[in-house]
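Engineer: Before I ask anything, let me first share the structure, which is written out below as C-alpha cells.
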Amino acid sequence: MARILVTEEIAEGGLDRLREVGHDVDVRVGLSPDELIETIPGAAALIIRSATQVTADVLAAASDLMVVGRAGIGLDNVDVTAATSQGVMVVNAPQSNIVSAAEHTMALLLASARNVAQSHAALVDGRWERSKWEGVELFEKTLGVVGLGRIGKLVADRAKAFGMRLVAYDPFVSDDKARQMGVELMTLDQLVGEADFLTVHLPKTPETLGIINRDLLLKAKPSLRIINVARGGIVHEQDLADCINDGIVAGAALDVFSTEPMTESPLFQIPSVVVTPHLGASTREAQDKAGDTIASMVELALAGDFVPFAVNVNAAEANETIRPYLPLAERLGSLFQSLAGATPDVLEVCVEGDIAGYDTRILELAVLKGFFGSLTEDPVTYVNAPQMAKDAGLDVREITCATAADFVNLLTISGGGSSISGTLSGPRAEQRIVNIDGVPFDVPPADDMVVITNDDRPGVIGTVGTLLGSAGVNIADMDVSRVPESDSAVMLIAPTKPVPSDVLDDLRNAPGIMSVTTLSAS
C-alpha cells in the first residue's frame, strides 16, 4: 500500500484507520523545511495541520505525491496552485472544527466584553481591582459578522441567544438568505460604523489580507471591539494596535496572528486586548473529527475515488443524486476510449434526465478520469484529468437536457464519430450500457467487452458462441440489435474473461462477421 507522511500531531484514531487498511503511516513531527524536502520523496500522501508549509519546492520534490490532507479548514500554508498544476489533490476537513471555532469566538467575545483575562491576571497577582475592569453587556449590542460561512452562521446563531442585533457583510449571501437567518446585510463600511463588536470569519486570500485596517477602523464607533478567530493577517495588527492606543476603537480579542508562533506583538502590551495562541480548533472533539475526516479523505484519494472535500477539483460536491453515477461515468469514459480508438478533437458529455438539473461537472471529470486512465499507467485523478485533456488538445463540452426520451437519466459520451450511452437501472441502480454508435442494447458494462457487427442471418450467433466456447470463454451477458435500415446486426458481448487475440482473429474470419471491436475499461 501507500506511504503516508504525517508532519504534525493528528488524532490517533484517524491514523489507525489508515494503518488498518494497510497503508504505511510515517509520522515525522517537527520537520524543518529542508528536512521535509528530503523526507517527502516516496510519499503518496502528506497529512498536515497549520504549521507545515507545503510550498512549490516541497511539491516539486514529491514525485509520488497524490494528495495533501489538511486536518482543519485553512489552506494558506499550502500552495494549491502548484499542487493543482502537478496533479496533486488538496483536501481539508472543513466541518471538523466549526463548532469549536464558533464557541471560541463566543468565549473571546465575552472575555473582551467583561475583561475576563485582565481581571484574572490582576487577582492572581494579588490585586483586587473590581472597579477597574468594568465591562459591557452583549444584550441589545450590535454584532457585525464579516463572513457568513459555516462558522459565521454558527456565531450568529449563538449571538441571538444573548439578544444581540446581527448585521453582516458577505457579498456571496443573498438578502433573502440573510433574512432567514435573522441577519441584516450591509456594506463593510456601514457595518464597521454601526457595530459594537466585529467578528471576522473570512478565508485568508490576497483580497482579504489586511482588510481590517486603520482606514476602515476610522469609520468605527469608539466602543468597537474586534474579534478574530479566522486567519492571521486579515486584521492588520499594527493598525489595530495603533487604533486602540489612539482611542479609535475600544479593544480586541485575537486567536490568530500574521505569523505563528507569535510571542512578541504591539498588541500584547495593551490592557484591553485578549489573546490566545490559535486555540480555535483546539478541542478534543475537533481534533478527533479532523483526524477521522482527513483520514477518510486521504483514503478515498489514494483509492482514486471521489473525494467530497477536495478543494482543487473543479466541481461542486457530488450530492446523493449525482454520486451513484460517478462509477458509471468513469466506466463509460474507459470504454469510450477503446471504442474511439484515438483521442478525438471534441469530446461531448451529454447528461439527460433528472440529474441534469444538478451541477454535473463532476460527471465530466469522472468521464475524463476513465478516458485517460485507459491511456496511461500514471495516476489519473479528478485534479489532473482536465489538464491531461488540455495537454492532449481535447475540447471537452458538456450538454445537459432535463428530459431523456427513454430513460429517467442517461449519460452519453460522443466524439470522433463514436458514442456510448449508459444509465442506472432498477432498485439496485445497476449500471447498463444502452446504446453504442446509435444501436440500442441492454448489457451491464464489464472490464472487457466485444462488439461484433455481422450479417443479420441465422447461424451467426451460434458460430460466435462456438468459437468462444472452444477457447474456454463463457459469455456472462450479451444483447443483439438490428441496425436500422440495413441487413446487419450488432452483438454486444460481456465475456467472463478477455478474449485471446487468436480467437478474435477467428471471429473476424468467420462467415457472416463484418467487424470485431474490443472494449476495455481496465
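Engineer: Return the residues of region 73-104 that are open to solvent by 50 Å² or more (accessible area, probe 1.4 Å), within 17 Å of the chain's Cα centre (by Cα) and of a type outside the set (A, V, I, L, M, F, W, C); say none if nothing qualifies.
Structural biologist: ASP76, ASP79, THR81, SER85, GLN86, GLN95
Engineer: Which residues, counting only those in region 289-345, are closer than 20 Å to ASP391 by Cα and either in a helix (DSSP H, G or I) or open to solvent by 40 Å² or more (accessible area, probe 1.4 Å) (or both)?
Structural biologist: Listed by number, the residues that qualify are ASN314, GLU330, GLY333, SER334, PHE336, GLN337, SER338, ALA340, GLY341, ALA342, THR343, ASP345.
Engineer: Let me confirm something: among SER112, SER100, SER119, SER96, which residue is modelled with pLDDT of 95 or more and under 24 Å from GLY291 (Cβ atoms)? Quick ask: steps written out before the conclusion?
Structural biologist: Numbers: SER112 fails: under 24 Å from GLY291 (Cβ atoms); SER119 fails: under 24 Å from GLY291 (Cβ atoms); SER96 fails: modelled with pLDDT of 95 or more.
Criteria check complete, one pass: SER100.
Engineer: Look at ALA489 and say whether it is touching a Lys or Arg at 6+ places or on another chain (Cβ under 8 Å) and over 22 Å from LEU365 (Cα atoms). Show your work before the answer.
Structural biologist: Numbers: touching a Lys or Arg at 6+ places or on another chain (Cβ under 8 Å): yes; over 22 Å from LEU365 (Cα atoms): yes.
In short, yes.
Engineer: I want to confirm something. Restricting to region 247-267 and keeping residues that are farther than 16 Å from ILE212 by Cα and of a type in the set (D, E, K, R), which single residue is nearest to the chain's Cα centre (by Cα)?
Structural biologist: If we take residues in region 247-267 being farther than 16 Å from ILE212 by Cα and of a type in the set (D, E, K, R), then GLU260 is nearest to the chain's Cα centre (by Cα).
Engineer: Applying the selection to region 428-452, what residues are under 29 Å from the mean Cα position of the chain (by Cα) and either over 25 Å from GLY465 (Cβ atoms) or open to solvent by 70 Å² or more (accessible area, probe 1.4 Å) (or both)?
Structural biologist: The answer is ARG428, ALA429, GLU430, ASP447.
Engineer: Quick one: which residue in PRO261, PRO277 is at pLDDT below 95, open to solvent by 70 Å² or more (accessible area, probe 1.4 Å) and in a loop (DSSP other than H, G, I, E, B)? Spell out how you get there, then give the answer.
Structural biologist: Details: PRO277 fails: at pLDDT below 95.
The unique qualifying residue is PRO261.
Engineer: Answer with yes or no whether ALA405 is of a type outside the set (Lys, Arg), open to solvent by 20 Å² or more (accessible area, probe 1.4 Å) and modelled with pLDDT of 90 or more.
Structural biologist: Against the criterion (of a type outside the set (Lys, Arg), open to solvent by 20 Å² or more (accessible area, probe 1.4 Å) and modelled with pLDDT of 90 or more), ALA405 does not qualify.
Engineer: Kindly indicate whether THR517 is among the polar types (S, T, N, Q), over 19 Å from LEU328 (Cα atoms) and outside any strand (DSSP E or B).
Structural biologist: On the way: among the polar types (S, T, N, Q): yes; over 19 Å from LEU328 (Cα atoms): yes; outside any strand (DSSP E or B): no.
No: the conditions fail for THR517.
Engineer: Surrounded by 15 or more Cβ atoms within 10 Å (Cβ to Cβ) and in a helix (DSSP H, G or I), is that true of ILE493? So that I can check it myself, show each step before the final result.
Structural biologist: On the way: surrounded by 15 or more Cβ atoms within 10 Å (Cβ to Cβ): yes; in a helix (DSSP H, G or I): no.
It is false that ILE493 is surrounded by 15 or more Cβ atoms within 10 Å (Cβ to Cβ) and in a helix (DSSP H, G or I).
The values are calculated or read from the model by the stated rules, or taken from the named source; none is laboratory data. Since this is a predicted model, take the numbers as computed values, not measurements. Neighbour counts are summed over all protein chains in view; Cβ atoms, including those assigned to glycine, are modelled from backbone coordinates with ideal geometry. Calculation scope for accessible area: heavy atoms of the full protein, side chains included, ligands and nucleic acids excluded. Shrake-Rupley method; radii C 1.70, N 1.55, O 1.52, S 1.80 Å.
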